[in-house]
1. Being under 11 Å from Gly38 (Cβ atoms), out of contact with any Asp or Glu (no Cβ under 8 Å at 6 or more places or on another chain) and among the aliphatic types (A, V, I, L, M) is the filter here; which residues of segment 102-140 pass it?
2. Of a type in the set (Ser, Thr, Tyr) and touching a Ser or Thr at 6+ places or on another chain (Cβ under 9 Å), is that true of Thr185?
3. Please find, within segment 226-256, the residue that is nearest to Met305 (Cα to Cα) out of those that are hydroxyl-bearing (Ser, Thr, Tyr) and within 13 Å of the chain's Cα centre (by Cα).
4. Out of (1) surrounded by fewer than 19 Cβ atoms within 10 Å (Cβ to Cβ); (2) of a type in the set (A, V, I, L, M, F, W, C); (3) within 16 Å of the ligand (Cβ to nearest atom), what's the single condition that is false for Met248?
5. Is there a residue in segment 194-205 that is of a type outside the set (S, T, N, Q), closer than 28 Å to Ala43 by Cβ, surrounded by fewer than 21 Cβ atoms within 10 Å (Cβ to Cβ) and touching a residue at least 60 places away in the same chain (Cβ under 8 Å)?
6. Looking at (1) at pLDDT 95 or above; (2) within 16 Å of the ligand (Cβ to nearest atom); (3) crowded, with 16+ Cβ neighbours inside 10 Å, find the lone condition where Thr14 falls short.
7. Would you mind stating whether Glu429 is within 21 Å of Arg358 (Cα to Cα) and touching a residue at least 60 places away in the same chain (Cβ under 8 Å)?
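The values are calculated or read from the model by the stated rules, or taken from the named source; none is laboratory data. All of these numbers come straight from a predicted model, not from anything done at the bench. Cβ coordinates were reconstructed from backbone atoms using ideal geometry, including for glycine residues, and neighbour counts include every protein chain displayed.
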Amino acid sequence: SIVKPWAGRFNAPTDAFVEAFTASVAFDQRLYRYDIQGSIAHATMLAQQGILTAAECDAIISGLEAVQSEIEAGTFKWSIALEDVHMNIETALTAKIGEAGKKLHTGRSRNDQIATDVRLWLRDEIDLIQLEIKRLQTALLDLAEREADTILPGFTHLQVAQPITFGHHLLAWFEMLERDRDRFTDCRRRLNVMPLGAAALAGTTYPIDRQYTAQLLGFDRPAENSLDAVSDRDFAIEFTAAAAILMMHLSRYSEELILWSSAQFGFIELSDSFCTGSSIMPQKKNPDVPELVRGKSGRIFGHLMGLLTLMKSQPLAYNKDNQEDKEPLFDTVDNLKGSLRVYADMMGNVTCHRERMRVAAKQGFSTATDLADYLVRNGIAFRDAHEIVGKAVAFGVREGRDLAELTLAELQQFSVSIQADVFAVLTLEGSVAARNHLGGTAPNQVRSAIVRARTRLNTE
Ligand code: ARG
């Protein structure tokens, strides 16, 4: 039967339900690679410091490598009685190599071990997430390039506001992801500090070299304070906050894609490969992917609140509460990566119904601001121009015609400053082309913004 590594001071066995209740191995086994990586670095440092012999260190390293192969081959026997990934691996190591295995845990605790494992794991996940963000950004830029001249209504309050180019809209999405990428970079920088050496909470009596271990594991530096090192989960909260913001962005994209692909808008069509049908209504093609991503934002917001609440009021240093950080964190990573992946693939396959967008852009008096600006250029103060155009719009509403559909004589009822050249500014093309400055919606601005965006993507 299995002897727990900490069994020495106990007289009675663990209650069977308590054993299962307190075990984390079912989920923390996903950290095995980082646990082994951390153990190899720790053993290497112990040997360099003369705390282990070179032979012991070699035995530990090859033993751990053998354990890793077994795990990866699927032949490793995980045991709930051994509670977590750490004790499972250490026990298997000792079973393999004997005495030397029992020395691995010298100057170490599971408290600094788990804090290290999670950081190593999350660091790799952040790198993957950033690549996936870039892939989505590239898909958005490609689509923006294709649709740089496509005009659709821009909305405020979901009411038609002004014509914009679709490329410009997609570049707005791109910018949101730029900030997300930056947040993960920032999170990674603060996360990349090594807890090992803190041991349980107070440090260790052995002459360890934390700089060396940190260097072996690619950490920027060892954590400054041993109590903080084992009890800090800020990095998990920060990561989840960055993930929550990203998911909030994806939920906004989703909302727009869902609206745009409805029969009422009809602006775009998602590829069949990213939609599903209805079991009863034969005509249905539902935007399940954006809907599901919109829904997943909720669970990730929940994980953020869960982690904050987990850490709230915890006294220093380590508490078993912290074991509860894994599942929300793992779930956040899985669903964030999945959402990014499906979005990057889906956005490469969007069909635009340019004519529908155009027709919609002509509705709702989208060029009213252009008419006001035209009057200002002809010497009228903006507030007066606003009033004049407002009256013209009210007339158009009564007549059921857009501004561009009114005759010159009709327009002139509202201002004698309106001349025949007004119709150039009332066109959709004229309207978007006139917003010709950095950050504006004009197609040539969109094209240069895409060039700048590609440079940013390739250099950061
Ligand atoms: N499974 C634990 C966790 O996830 C590892 C650290 C356990 N330390 C302890 N003293 N019980 O946090």
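1. Leu120
2. Taking the combined requirement at face value, the residue does not satisfy it.
3. The extreme case among them is Thr240.
4. All conditions pass for Met248, except number (3).
5. yes
6. (1) is the only condition that Thr14 fails.
7. Yes.
Yes/no per residue for (1) more than 30 Å from Asn286 (Cα to Cα); (2) within 16 Å of the ligand (Cβ to nearest atom):
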site	(1), (2)
Ala317	yes, yes
Leu336	no, no
Glu355	no, no
Ala368	yes, no
Val376	yes, no
Ala381	yes, no
Ile388	yes, no
Ala409	yes, no
Glu429	yes, no
